[in-house]
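Below is one structure, written out as structure tokens; the observations come after it.
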Amino acid sequence: MLTATDAAAGVALLRCRLRDGKADLIERFRTARPTALAASRLIRDLARHVDATLAALWERSGLPAGAALVAVGGYGRGELFPHSDVDVLVLLPEGAADPSRAAVESFIAGCWDVGLEIGASVRTLEECRDEAARDVTVQTALLEARLVCGTRRTFAALCAAMALAMDPKAFFVAKTLEMRQRHAKYEDTPYSLEPNCKESPGGLRDLQVLIWVARAAGLGRTWAELQARGLITPLETRQLQRNEGLLKLIRARLHVVAARREDRLVFDLQTAVAESFGHQATRAMRVSEVLMHRYYWAAKAVTQLNQILLLNIEERIVGSQDAPMRPIGEHFYDRAGTLEVASDDLYERNPRLVLETFLTYVRTPGLSGLSARTLRALYNSRTRMNADFRRDPHNRAAFMRLLREPSGQTHALRLMNQTSVLGRYLWVFRRIVGQMQHDLFHVYTVDQHILMVLRNVRRFFIPEHAHEYPFCSQLAAQWDRPYLLYIAALFHDVAKGRGGDHSELGGTEVRRFCREHGLGREDTALCEFLVRSHLTMSRIAQKEDLSDPDVIQAFAAQVGDARRLTALYLLTVADIRGTSPKVWNAWKGKLLEDLYRVTLRALGGAQPSVDAEIESRKQEARQNLNLHSLPVGIEQPLWATLEVSYFARHDGSDIAWHARTLAGREKTAEALVSARPSPAGEGLQVLVYAPDQPDLFARICGYFDSGGFNIQDAKIHTTRAGYALDTFQLTSSDLDPPTDAVALQAHYRDQVSIVESGLSSTLRRGGPLPEPRRGRVSRRVKSFPIPPRVTLKPDERGQRFVLGVSTSDRAGLLYAIARVLARHRINLQLAKISTLGERVEDTFLIDGAELLKNRRQIEIETELLDAAAS
């Protein structure tokens with residue numbers, strides 16, 4: 001019998017052996033060449049090392065005869081990643097006495113004492129059977145059970161009981177449903193910018209699901225066994241082994257670099273993991289992007305192979321391989337709603353049928369996807385999709401027919417991308433598959449973003465989606481050749497990652513495509529214009545003064561005609577919506593629509609006339625005031641104090657709102673604040689009218705910042721009577737507005753009350769401006785910071801200065817900028833606040849005496865850089 005001292009010494013010795021042995025294995029792996037074999041050896045040796053420790057503890061525990069220690073889960077497979085949990089089952093004989101339970105508790109405590117982070121369950125055989133019947137997770141864990149030590153007969157009884165209780169069909173259904181839920185959690189894409197290399201679509205779990213369902217059905221335990229059963233081909237076996245090896249290598253390196261259990265390739269760790277592989281940055285790619293590009297290609301291959309093999313296994317389990325099929329032409333069949341090839345070597349014999357597959361898919365009602373046989377045939381014929389395939393006039397005509405189809409392009413092109421056909425046919429597209437975008441506002445890889453933009457364009461032409469963006473749908477309904485917009489969407493970002501201007505390079509690519517595919521000169525010129533100019537409209541709407549006739553005239557000259565303007569507008573809206581759910585908002589939509597409408601008038605021959613436009617807006621405002629039964633001429637005292645620039649920058653409804661609010665209070669001594677739900681349809685519009693002072697804008701920004709409001713736009717005016725008349729467009733950063741109409745109305749009513757009372761109180765209080773708070777930045781910004789950039793130059797007339805600030809977004813940024821302007825007594829006339837995900841690009845129209853002095857100008861720019869960087 002061991003004494004307490006001997007027991008403690010034994011535990012200490014085991015702890016040292018476990019720690020030192022594990023450290024030695026990890027160090028050998030860390031310094032070894034990063035190969036799949038090295039990762040496989042590490043996880044196998046770590047499992048064996050833990051086996052030895054558990055066996056030693058088991059021997060000392062005094063557990064009863066007939067008990068067994070069983071490894072389950074990943075550990076049951078004989079694999080253990082550096083910081084994974086050790087999952088075990090303590091299997092007790094039926095009717096084990098209470099002292100056995102005490103011995104189990106002692107054993108588990110001993111595991112923790114030596115440094116093993118175990119997940120332990122304690123059950124009898126009967127309890128295992130009952131738990132597995134109720135919980136598919138338990139059933140899955142026991143499917144991979146492995147005896148570590150103890151009684152072999154007890155373990156054999158467990159295996160026999162689990163095999164007897166297994167229902168392969170029910171298990172398949174449960175695991176596939178579970179997989180769908182997991183995929184939905186990770187947005188159904190292998191291309192997340194921070195993927196989980198274990199759980200995301202295309203991760204290790206997808207490969208494990210295949211082995212689980214095959215094993216449950218008695219079809220095999222390894223890729224080699226599945227090949228022997230005819231479920232996969234030798235090529236697919238090699239692809240599965242290669243991509244599984246890479247994913248295991250990435251996960252092992254990730255654990256070592258993070259020094260903890262971490263299966264997410266988060267931004268903070270991507271660079272370090274990439275460097276541990278020995279990767280180096282290229283002219284066009286960061287070192288982290290080199291790694292992620294490898295990961296995405298592996299995840300894409302796993303996704304394809306998972307789909308093929310899962311369908312094959314389902315056919316074996318359900319017996320649907322012999323189900324009757326309906327012929328679709330000469331080369332295809334409808335197999336239970338999926339498109340089936342007539343023969344396995346169809347594409348090998350006739351590669352032209354590859355693109356015909358997707359045309360058939362689009363044109364045949366009732367098809368929901370491609371069968372396993374078709375997916376496999378496409379996968380195995382990739383080498384036939386070569387330069388000759390791309391140059392074949394028949395294939396070029398087939399691709400154009402697909403784009404010209406009345407519907408189905410989104411699904412077809414996504415399916416083509418998933419099966420690698422799109423990248424094989426459009427070789428330029430292949431280069432951006434799985435390419436990350438570290439610009440802080442795209443949340444998709446380049447290929448996913450392009451297909452999202454194409455989907456958005458396509459939805460403008462679908463009546464069922466007209467409620468989403470009615471104006472875009474109205475314009476699309478009058479557009480005669482939608483496929484030209486699809487081509488522009490496909491090519492607008494296709495040259496990213498090459499270095500240089502991707503818009504210009506993309507313009508060259510789309511011109512080549514159009515010529516090769518037989519498009520006329522006019523259509524080719526339109527597609528090239530759209531790709532080269534796809535960023536222009538967004539930039540002008542969000543950064544330029546749309547009340548300036550020169551801005552509109554220059555843009556109209558660049559666009560050329562109404563057809564190009566409409567196409568560029570539709571592509572721009574689709575592009576912004578396709579970057580991230582957070583980037584688009586109603587205010588950006590209004591800016592773009594305003595720019596479209598005023599440019600359309602200019603293109604129609606109407607020369608921008610400030611006087612005529614102002615008179616039109618005044619007339620609209622008067623009509624609005626009449627609707628509110630206000631006395632005629634009530635607006636005149638306020639209007640008499642306003643400059644032309646005020647009327648040029650506000651539409652009629654805003655002018656009427658200001659007049660109603662300020663009627664009779666034009667000479668108020670205190671700040672007047674009025675707010676309303678924004679006419680743009682999202683957020684608030686706030687009017688501030690107060691005796692002017694140099695720090696007024698900064699004080700207002702400070703309040704909005706502390707209240708969790710984001711300024712989308714600011715129009716700043718000073719009346720001839722010395723009053724500031726400022727209008728702000730706000731969104732709330734803290735709350736998502738309710739979707740219910742009644743709740744939304746109450747939500748905005750509460751926000752209006754908060755802003756009106758809170759901002760009024762802040763402006764009355766006065767006092768020194770508080771120091772800006774140091775806002776927290778996201779992990780993404782920390783990992784991929786944008787160097788702050790400040791530009792300050794005179795406008796074209798030399799009367800005012802245009803200030804541009806570009807930097808990573810953070811709380812308090814606008815207030816910090818406003819404090820610098822206030823300190824130097826700089827007047828702000830217009831602020832265009834453009835937030836692109838986690839990057840800001842703000843533009844201010846300013847004037848002030850200090851801007852005319854070179855030395856002072858340098859000081860101001862330096863202080864603004866400090867404010868943007870802090």
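The values are calculated or read from the model by the stated rules, or taken from the named source; none is laboratory data. Computed from a predicted model, the values in this text were never measured in an experiment. When we count neighbours, we look across all protein chains shown, and the Cβ atoms used for this are built from the backbone with ideal geometry, even at glycine. Surface areas here come from the heavy atoms of the whole protein model, side chains and all, with no ligands, DNA or RNA. Shrake-Rupley method; radii C 1.70, N 1.55, O 1.52, S 1.80 Å.
Report D for the range 477-600 in µm² per second (integer): Stokes-Einstein, Kirkwood Rh on Cα pairs, 37 °C, 0.692 mPa s. Calculated translational D: 219 µm²/s. What the Cα convex hull of the range 483-531 gives, in volume per residue, is 57 Å³. Can you classify the range 150-205 as rounded, prolate or oblate using the Cα gyration tensor, where a ≥ b ≥ c are the square roots of its eigenvalues, rounded means a/c under 1.5, and otherwise it's prolate if a/b beats b/c and oblate if not? Oblate is the answer for the range 150-205, as a/c is 1.5 or above yet b/c matches or exceeds a/b. Too long at a 24 Å Cα-Cα cut-off: which of Lys22/Lys248; Lys543/Lys667; Lys185/Lys248? Beyond 24 Å between Cα atoms: Lys543/Lys667.
Here the range 418-554 was treated as a single set of alpha-carbon atoms; its pair distances binned every 5 Å from 0 give 2, 9, 16, 20, 20, 17, 12, 3, 1, 0 percent. The range 133-202 and the range 442-489 have Cα centres separated by 40 Å.
With the gyration tensor restricted to C-alpha atoms of the range 278-417, the semi-axes of the equivalent ellipsoid amount to 29, 21, 14 Å, longest first. Take the alpha-carbon centre of the range 370-391, take the same for the range 397-434, and report the distance between them in whole Å. So the separation of the two Cα centres works out to 13 Å. Packing order of peptides 465-476, 561-572, highest average first: 561-572, 465-476 (average count of other Cβ atoms within 10 Å over each peptide's residues).
Counting only heavy atoms of the protein chains and using a 1.4 Å probe, Val632 has close to 140 Å² of accessible surface. When the range 311-380 is described by a simple charge dipole with +1 on each Lys and Arg Cβ and -1 on each Asp and Glu Cβ, the residue from Leu359, Thr374, Ala342 located farthest towards its positive end is Leu359.
Long hydrophobic helices in the chain, taken as whole DSSP H segments with a C-alpha length of 27 Å or more on their own axis and mean Kyte-Doolittle hydropathy at least -1.0: 4-31, 36-61, 234-258, 287-318, 741-765. Under Stokes-Einstein, with the Kirkwood radius over Cα pairs as Rh, the value for the chain at 25 °C and 0.890 mPa s is 77 µm²/s.
Over the chain, DSSP H runs of length four or greater, each weighted -39,500 (n - 2.57), average out per residue to a 222 nm ellipticity of -17500 deg cm²/dmol.
Highest mean packing comes first when the peptides 242-249, 57-64, 751-758 are listed by Cβ atoms within 10 Å, giving 242-249, 57-64, 751-758.
Sorting 529-535, 392-398 by average packing, meaning the other beta carbons within 10 Å per residue, from highest down gives 529-535, 392-398.
Over all projection directions, the Cα-based convex hull of the range 55-129 averages an area of 5.0 nm². Ligands, DNA and RNA left out, the 1.4 Å accessible surface of the chain is 51% carbon and sulfur atoms. Computed over the alpha-carbon pairs of the range 92-180, the distance histogram in 10 Å steps reads 14, 41, 32, 12, 1 percent, short to long. Of all aspartates and glutamates in the structure, the ones whose alpha carbon falls short of 14 Å from that of Lys618, not counting any fewer than 8 places away in one chain, are Glu635, Glu643, Asp651, Asp654.
Taken as Cα centroids, the range 817-870 and the range 622-667 sit 31 Å apart, rounded to the nearest whole angstrom. Each of Met285, Met292 has its accessible area taken with a 1.4 Å probe; listed largest first, they run Met285, Met292. In a reduced charge model with +1 at each Lys and Arg Cβ and -1 at each Asp and Glu Cβ, the range 258-347 shows a dipole moment near 540 debye about its Cα centre. The charge dipole of the chain, taken about its Cα centre with unit charges on the Cβ atoms of Lys, Arg (+1), Asp and Glu (-1) only, comes to about 1900 debye.
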